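Participant: This is the structure I want to talk about, given as structure tokens.
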Amino acid sequence: MNFHAIRAIYLFELARTWRTLLQSIATPVISTSLYFVVFGSAIGSRMADMGGVGYAAFIVPGLIMMMLLTESISNASFGIYMPRYSGTIYEVLSAPVSYLEIVIGYVGAAATKSIVLGLIILATARLFVDFQIAHPLVMLLFLVLTALTFSLFGFIIGIWANGWEKLQIVPSLIVMPLAFLGGSFYSIEMLPPLWQKITLLNPVVYLISGFRWSFFGESDVNVAVSLGMTLGFMLLCLLVIGRIFRTGYRLKN
């Protein structure tokens, strides 16, 4: 394992965060804080409790998870797309670096940025909402697994995209709607029985439900199922990336 190569890619990607601090950190924190102000303070005071949890506290895990999904995809897709766009990817591919080391470097940096951002937003949420975390270790587990999984997914999107507009298609038109419909702002138990079954086809439901369980000990889906779905999607992403490097899809042509 070439740890020097992994470290070089990892630190280079992290350095881009500090060069674009306003866009990488400040913008997501401010936009998520606005959700806390509008939905937590303004609307939450008029909403009934959700399973014994105040509405303002109830939406905290959903908002963090929604941000985590979009930022993980954005960080990873942009990180691998830029070398393809500028042509420097060929220097990386021709270097004595394995495909595994390339993935660890790029995905590890993207996941690290998302995890740090998630923790910052979690701390920011305490300024607006009073809540407790019932299972902090499980919360960290879901935070790390989700960041890694969707950074892998973003890595795939960054290789698939052949234009700047395609980098935004999946996050904007697919992931964001799924996050809104996945229980970020409500419990799926509030839906009619038919729609509850349909909603269970949404993979984001399992992520948000498991993450919310770590906060309040209550969830719409069994936490073991949530964890299994997350690991399953991670494995699928790893298989796709392995196939991409074996065939050289949009990397060697």
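Participant: Sorting 187, 226, 98 on the 10 Å Cβ count, fewest up front, what's the list?
Facilitator: 98, 187, 226
Participant: The range 153-253: Rg/Rh from Cα coordinates, Kirkwood Rh?
Facilitator: Using Cα coordinates only, the ratio equals 1.07.
Participant: Please work out, to two decimal places, the log10 of the ratio I(q)/I(0) at q = 0.11, 0.13 Å⁻¹ from a Debye calculation in which every Cα of the chain carries one identical scatterer.
Facilitator: Cα-only, vacuum Debye calculation for the chain: -0.60, -0.81.
Participant: With a Förster radius of 30 Å, plug the Cβ-Cβ distance of residue 4 and residue 169 into 1/(1 + (r/R0)^6) and report the FRET value to the nearest 0.05.
Facilitator: Calculated value: 0.25.
Participant: Between residue 31 and residue 93, take the C-beta separation as r, use R0 = 35 Å, and let me know the FRET efficiency to the nearest 0.05.
Facilitator: That gives a FRET efficiency of 0.45.
Throughout, read-outs are computed from the coordinates displayed, never taken from laboratory work. No experiment lies behind these values; they were computed from the predicted model shown. Using ideal geometry, Cβ is built from the backbone for each residue, glycine included, and neighbour counts are taken over all protein chains shown.
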